[in-house]
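So the structure is just underneath, and the comments pick up after that.
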Amino acid sequence: MDKTLELNNKRVLLIDDQKPFQVMLKGLLLNLGAQDVQVKTTGEAGIAAYIKNPHDILLVDYNLGRGRNGRQVLEELQVRGLMKEHTLFFIITGDNTRPMVLSALELQPDDYLMKPFSHRVLRSRLVRAYKRRMWLKDVFKALTNHDYEACIDACQKHIQSNSRYSNYCRKLQIELYNKTGQLDKAETAIKELLEENSHSWVFLKLAETRLLQNSPEEALNILNHLIKRMPNAVEAYDLKTECYLQQQQLEDALESARDAITMAPFSIERQTKLAHIARDNGDFDIAKQAMNNVLQIARKSVFRNAHHLCNYLRSILDAAENSDTPQQISKYQTEATMELQRARYDEHLLHADISFEDLESILLSRIDSFNGRLREAQQRLNEVVGEKLAHNQPINKDLLPDVIAILLDVGEYEKANALTANQDENPTLDSYTFKILQARLAAAQKQQDNFFEVHKAGLDAYQQGNYIRALELFRKAMEAAPMNSGAALNFIQAAVRYVEETPGGERVRLKKECDNCFKVLEGLQLSSSHSNRYERLLEQTEGLELR
């Protein structure tokens, strides 16, 4: 074995679910001098083993059966800050398709091995990766600690010494200049490189810098030329997407984002970006599919979370609510309910602080409210969050946007606005959900303004003792918001005062209307003040034969 890498004192972790390959690779490692080789068959077991005793070398198969795959193992170690700066991480796979290869390389493992490989190839790749890791020890230590200024300084030392890894350090240094907003320094470094050579990555970094300098047209010209030379440069397509977005060219941005997804589909960030662009472009079906992809990718990853499931369900309903035909609406609503049933034992929910039953009730309530079944929607909503709404208690963040949407649909605008204001003060929603919620608020604004204008006029008329006028205005308010509890209470109270002051007045119509108002309020969790009014009005209407 090369003297720069002695495997006899290195801890090696092999993660692979195929026994024959385990035996073969372990044999190769033993022949190369390794003495401490641990084998795990799942990504989860491998991560646990590494946490317990960080290894020097990880050899991880991309496809690991039902659990986390090799990419997700590396991703979890990186995201959780568990990866030690001395550890070498190799991804191994027998799949050489472009999406698999590009997705594996995106997270920048130390190397990538295609099956089958020889004793000689394994040896040379291990030595090469180890040499780079040891030579750039100071660079990787600063990078692992997210100390970007120290990393830039470490790169500069290697560049000045003209080491064999100076090009890598130049590239990393420019990336960090851009990341930390030091764009002038990035541009200077790029210009120096362009005088020496014309590596494709230099032009990629130049385009990135130009984009950050708000010059998307220049960046696009660079990227289009680069893509002709490097058609598999997925990062170039990502940058093209950002250029088009900066220019407000949504159709071009959507096309570029879809090209990037086709090349490297296993990125949550890339799929989420596609969902955003598609929705802004009015392509709600593409947005829905992208959010489904996010759910599937996250399902076994470190990013597993109930809000991915909730977002996918929202994207389906969003597509339904923006559909043109009853057939499309029905199709999407059926899709949402079927996905919900599949999620009954979903691990996203098993580890979340919301129950399946609550999520199911809220989803069905949204479908009811959208289809005009407002009483059913209100009842379901009341079962889940009625008490919290009545006492101004926090709503679970994974249910909050849907609760607000239902409140808007049934006309409980005061409660919807109060929850929205709390969300604005203490943001908890991801950007995609926030975008959907803002669209719902905007769509309801006109009807909401009409309700508040008429309802306020009714309150003014009541205060002035003009109860006939107040009743007329409260009727109009309830036409705009049939299930608004405040308007229902106010109508009943105005009816009571009118009958008290006009004993011979017409009661048949008022009795019927008061009965309808009580149906709105029946079973609702009310605030203490509204509850007291409700109980008092029950007695008064009974005494006046208004119910």
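The values are calculated or read from the model by the stated rules, or taken from the named source; none is laboratory data. The structure presented is a predicted model; accordingly, all values stated were derived computationally and were not measured. With ideal geometry, Cβ positions are generated from the backbone for all residues, glycine too; neighbour counts draw on all protein chains shown. These area figures cover heavy atoms from the full protein model, side chains too; ligands, DNA and RNA do not enter into them. Shrake-Rupley method; radii C 1.70, N 1.55, O 1.52, S 1.80 Å.
At-a-glance table
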read-out: Accessible surface, segment 100-166, averaged per residue in Å² (probe 1.4 Å); value: 54 Å²
read-out: Accessible area in square angstrom per residue, segment 207-267, 1.4 angstrom probe; value: 49 Å²
read-out: Segment 313-382, accessible area per residue, ligands and nucleic acids excluded (1.4 Å, Å²); value: 48 Å²
read-out: Positive-pole candidate from Val410, Asn450, Asn422, dipole of segment 373-453, charges at beta carbon; value: Val410
read-out: Positive-pole candidate from Gln328, Asn392, Leu239, dipole of the chain, charges at beta carbon; value: Leu239
read-out: Whole-percent carbon and sulfur share, accessible surface of segment 336-447, 1.4 Å; value: 50 percent
read-out: Total charge dipole magnitude, segment 275-375, about the Cα centre, Cβ charges on Lys, Arg, Asp, Glu only, Debye to nearest 20; value: 140 debye
read-out: Helix 326-342 vs. the chain, principal-axis angle (Cα, 0 to 90°, nearest 10); value: 60 degrees
read-out: Share of carbon and sulfur in the accessible heavy-atom surface of segment 207-268 [1.4 Å probe, %]; value: 46 percent
read-out: Percent carbon-and-sulfur accessible area, segment 448-547, ignoring ligands, DNA and RNA, probe 1.4 Å; value: 45 percent
read-out: Longest DSSP-loop-exposure-free segment, GluC sites (Glu not before Pro), the chain, at most 14 other Cβ within 10 Å; value: 7-505
read-out: Exceeding the 26 Å Cα-Cα cut-off - candidates Lys19/Lys141; Lys19/Lys115; Lys171/Lys240; Lys446/Lys476; Lys273/Lys388; value: Lys19/Lys141; Lys273/Lys388
read-out: Helix 508-521 axis, angle to the chain major axis (alpha carbon atoms, nearest 10°); value: 30 degrees
read-out: Cα-based shape type of segment 350-422, given that a ≥ b ≥ c are square roots of the gyration tensor eigenvalues and the cut on a/c is 1.5; value: oblate
read-out: Residue among Ala129, Tyr112, Phe89 farthest towards the positive dipole end of segment 1-141, charges placed on Cβ; value: Ala129
read-out: Cα-centred dipole magnitude for the chain, charges only on beta-carbon of K, R (+1) and D, E (-1), debye, nearest 20; value: 2200 debye
read-out: Three-way shape call for segment 158-231 based on the alpha-carbon gyration tensor, with the a/c threshold at 1.5; value: oblate
read-out: Nearest 10 degrees, 0 to 90: helix 431-463 Cα axis against the chain principal axis; value: 20 degrees
read-out: Size of charge dipole - segment 1-157 - debye, nearest 20, with Cβ of Lys, Arg +1 and Asp, Glu -1, no other charges; value: 460 debye
read-out: Whole-Å distance, taken between Cα centres, linking segment 311-350 and segment 233-250; value: 30 Å
read-out: Accessible surface of Lys397 - all protein chains present, 1.4 Å probe, nearest 10 Å²; value: 100 Å²
read-out: Whether segment 282-399 is rounded, prolate or oblate, judged on the alpha carbon gyration tensor where a/c under 1.5 counts as rounded; value: oblate
